[in-house]
Amino acid sequence: MKVKVLFFGATADSVGEREVRLELPDGTFADKALEEILDKCEGLRENHDVGQLHFSINQEYSNGKETICDGDELAVFTAVSGG
């Protein structure tokens, strides 16, 4: 199945792109999808503490247990603070 992966802020700088397309096996869980993204986009592991990255599926925060579906939009980003 094919998904779109979006990168925001510092993650986009690390990857060098704001969007990539990724092929995943059917039935992939969110935590495995994130691992696949980290493997394919080395700049993320090199420049970020993986525990500090946030991950969403179709604009909803992921807990890692969701099943990814064909055409889903995944996003990787760092914590955002403001005031």
Inset, instruction - Tell me which residues, restricted to the range 30-74, are in contact with a helix residue (DSSP H, G or I) (Cβ under 9 Å, 6 or more places away or on another chain), crowded, with 16+ Cβ neighbours inside 10 Å and among the aliphatic types (A, V, I, L, M). - result: 34, 37, 38, 44, 53, 57, 68, 74
Inset, instruction - Please work out which residue is nearest to residue 57 (Cα to Cα), limiting yourself to the range 1-22 and to residues that are touching an Asp or Glu at 6+ places or on another chain (Cβ under 9 Å) and surrounded by fewer than 14 Cβ atoms within 10 Å (Cβ to Cβ). - result: 4
Legend entry - Residues that are at positive phi and touching a Gly at 6+ places or on another chain (Cβ under 9 Å), drawn from the range 2-50: 16
Inset, instruction - Kindly indicate whether any position in the range 59-78 is assigned to a loop (DSSP other than H, G, I, E, B), within 19 Å of residue 14 (Cβ to Cβ) and at pLDDT below 95. - result: no
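The values are calculated or read from the model by the stated rules, or taken from the named source; none is laboratory data. Small disclaimer: the values here were computed from a predicted structure and weren't measured. All Cβ positions, glycine included, derive from the backbone under ideal geometry; neighbour counts span all protein chains shown.
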